[in-house]
1. Using 26 Å as the Cα-Cα cut-off, could you pick out the over-long pairs in K310/K400; K87/K355; K269/K394; K140/K400; K87/K413?
2. If the only charges are +1 at each Lys and Arg Cβ and -1 at each Asp and Glu Cβ, what is the size of the charge dipole of region 265-401 around the Cα centre, to the nearest 20 debye?
3. State the Cα centre-to-centre distance between region 265-301 and region 341-419 in whole Å.
4. When only alpha-carbon atoms are used, what values of Rg and Dmax, in angstrom, describe region 303-342?
5. Net charge around A262, counting only other residues with Cβ within less than 9 Å of its Cβ (Lys, Arg = +1; Asp, Glu = -1)?
6. Taking all pairs of distinct Cα atoms, average 1/r, flip it, and tell me the Kirkwood hydrodynamic radius of region 55-169 in Å to one decimal place.
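Each value in this text was obtained by applying a stated rule to the coordinates, not by laboratory testing. Keep in mind it's a predicted model, so treat the numbers as computed, not measured. Positions of Cβ are backbone-derived with ideal geometry, glycine not excepted, and every protein chain shown enters the neighbour counts.
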Amino acid sequence: MNEHRIARRTALKLAGSAMFTSFGGIQVLRAQPAPSSGAAQPRLIVVMLRGAMDGLSLVVPFGENVYYQSRSTIAIARPGEANGLLKLNNLFGLHPASAPLMPYWESRQLAFIHASGSPDPTRSHFDAQDYMESATPGRKSTPDGWLNRLSTVLAGPHSTPASQRLQAVNLGPTMPRIFAGEAEVASLSTGARALAKGALDRPELAQAFGQLYAGDDRLSQVVHEASATRGEIMGNLASDEPAADQGALSLNGLPQDTARLARLMVRDKRVRLAFVAVGGWDTHAGQGGAQGQLSNRFSLLAQSLDALAKGLGDDLNRTTIVVMSEFGRTVRQNGTNGTDHGHGNVAWVMGGGVKGGQVLGQWPGLDTASLYEGRDLAITTDFREIIAQVLEQKFRLADKQLAHVLPGMEQRKRLALFA
């Protein structure tokens, strides 16, 4: 009887007004129908770098002297010099800590879009992330996120309860703004104990839950869906070599987490949309150049994306990975050897069909007359134009569907992003 009371209290606490549940790291938000599985369906993974990543240190315009003049202590040396950049073309080079990305560039599976971002002028992390995740810059009243809207568009009328649960997956314990809305989202916990068994994996407690929530009311449905989702994800992610999942992770375990996400997507073809948020990019002080704070983060990010791509294997051919940050950073370094909140940034796209090996977008230059408000990289590509091209060319969305996911984008530039 005690366990029955504990079970019901736990479920009521977790369900909440939005019918949001969490069972041992697997979370489910209330659902709309999702599509049935299909091996040929395209997939999208969005990686958000929270904190405003310094794109001018990742994809560096070494061909412009003003870059070196503006960053006397944090600039990265030109290609061919000690600790120098990895040459992309005659203007741009990749930060040397991001070397794991170079094979994708060389195989033309990776493209960068420089001078991209949100047209809204805010320098607030909170507002800029909100606008990027709702895809409605300058408008705070938008109730849902664009990935959730995309999930509803992809939903089919003939889906089954099993196919509803895993169309969209968030990597992390907190449901992000981009997934706010009516479509169901599963959230996969991170870290060394992400797949550790919890109280609800005990047969007697699971049985108690089954007895308490055997009805057809909404709470019973949510409990059943969350329990089923957890069972399916745990089954998909059970290691072929159990010992491989027991070792300690690196500092924050991101490469292991992205590899786990890839494994889930390979084993369960229902997963079509995924979101990964990575923090720690607000480098106001002690940013470093070829080595240091930011370099270490670039290295970890590159390892994580490499682990994701390698984990997907052949599935990378039908997967598009989009990486972006809420805004860039100032061209000129500040007095504490860091950079402050800026405007334009660099986004990048990896995966199947990408016309990689290119730095796309119109480069505005770094001379004072070309800078946004005299201090920042200008934006020549709206981030929604990147997303729109993915949805048009990979997901084959019709104009009406695209307008639902990205309102206000009827007129837009089209990048040569896919073959």
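1. K310/K400; K87/K413
2. 580
3. 20
4. 16.5, 47
5. +2
6. Result for region 55-169, one decimal place: 17.8 Å.
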